[in-house]
Amino acid sequence: KICDEYAKKDSRIEVIHKANGGLSDARNVGISKAKGRYIGFVDSDDYVSNKLLEEIDKKIDDSDILRFQIATEDEEYTKINEYHEEGFESMCGYDAFKYLSSYHFVEPAWCYVIRKNYYIENKFSFKKGVYHEDFGLIPYVIYKARKVKSIDFIGYYYIQRNGSIMNNNDYKKTVKKAFDMIEQYKAMRLFAKNINRKNNLDDYFLSY
């Protein structure tokens, strides 16, 4: 009801009513409905700077991916840390991944905006029913990109909440997270073997 009220006030907002299929399913459906040139993600616990889209619009050029920086806060919105990672101008995806892998946050989808046509043309999709679904996709999206750019603007506020997927001591969930990571690593190895690039994915990528 709250979302529907916002949609009545602002024609840019589209509300999708669907059964809860998990995070990956929600993202995949949202991407299929998106009308803009670029897609971005905000998890339900988190928020973004009210200047983020303005900064992206100024810096995006024709990049396939633009990266911005992250701050962490607790449940009371008290700052824990700001990660002032050094930005860079356009690089191919392979070089950009080697640079980005030194950042504090690498594979979360909410660190980036991605050109929609690039995403759709490559048939990228978040795997349903797994934890750490970002890890199973975002490294590929970065690696295959023609142009990746990073800006030093802190635009995303990641709320570290007790009981979240990342901060949960449930043993069964911990085991599932571990096996999901293994399965996605196997998929990454297959991707590395099959991708048609001169320099190919090397041990550096796989070791990440």
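The values are calculated or read from the model by the stated rules, or taken from the named source; none is laboratory data. On a predicted model such as this, the values are computed, not experimentally measured, just so you know. Quick reminder, even Gly has a Cβ in these numbers, built from the backbone with ideal geometry, and neighbours come from all protein chains shown. Remember, those area values only see protein heavy atoms, side chains included, never the ligands or the DNA or RNA. Shrake-Rupley method; radii C 1.70, N 1.55, O 1.52, S 1.80 Å.
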Report task. Scan region 113-144 residue by residue and report those that are open to solvent by less than 60 Å² (accessible area, probe 1.4 Å), more than 10 Å from the chain's Cα centre (by Cα), modelled with pLDDT of 95 or more and not basic (Lys, Arg). Result -> Tyr118, Tyr119
Query raised in the report: Taking interchain pairs and intrachain pairs at least six residues apart, which have beta carbon atoms under 6 angstrom, with the first residue in region 1-14 and of a type in the set (Gly, Ala, Ser) and the second in a loop (DSSP other than H, G, I, E, B)?
Result: Ala7/Ile13; Ala7/Val15
Report task. Kindly establish whether Ala96 is among the aliphatic types (A, V, I, L, M), assigned to a strand (DSSP E or B) and in contact (Cβ under 8 Å) with a residue 12 or more places away in the chain. Result -> no
Query raised in the report: Inside region 1-84, counting only strands (runs of 3 or more DSSP E) that do not spill past its ends, which hold 1 or more residues that are closer than 17 Å to Val113 by Cα and either of a type in the set (Phe, Trp, Tyr) or open to solvent by less than 40 Å² (accessible area, probe 1.4 Å) (or both)?
Result: 38-40, 65-73
Query raised in the report: What tally of residues in region 176-189 results from selecting those that are open to solvent by 100 Å² or more (accessible area, probe 1.4 Å) and either in contact with a strand residue (DSSP E or B) (Cβ under 7 Å, 6 or more places away or on another chain) or modelled with pLDDT under 80 (or both)?
Result: 1
Query - Evaluation of Trp110 against (1) surrounded by 17 or more Cβ atoms within 10 Å (Cβ to Cβ); (2) more than 15 Å from the chain's Cα centre (by Cα); (3) closer than 22 Å to Met188 by Cα (one fails), failing number - result: (2)
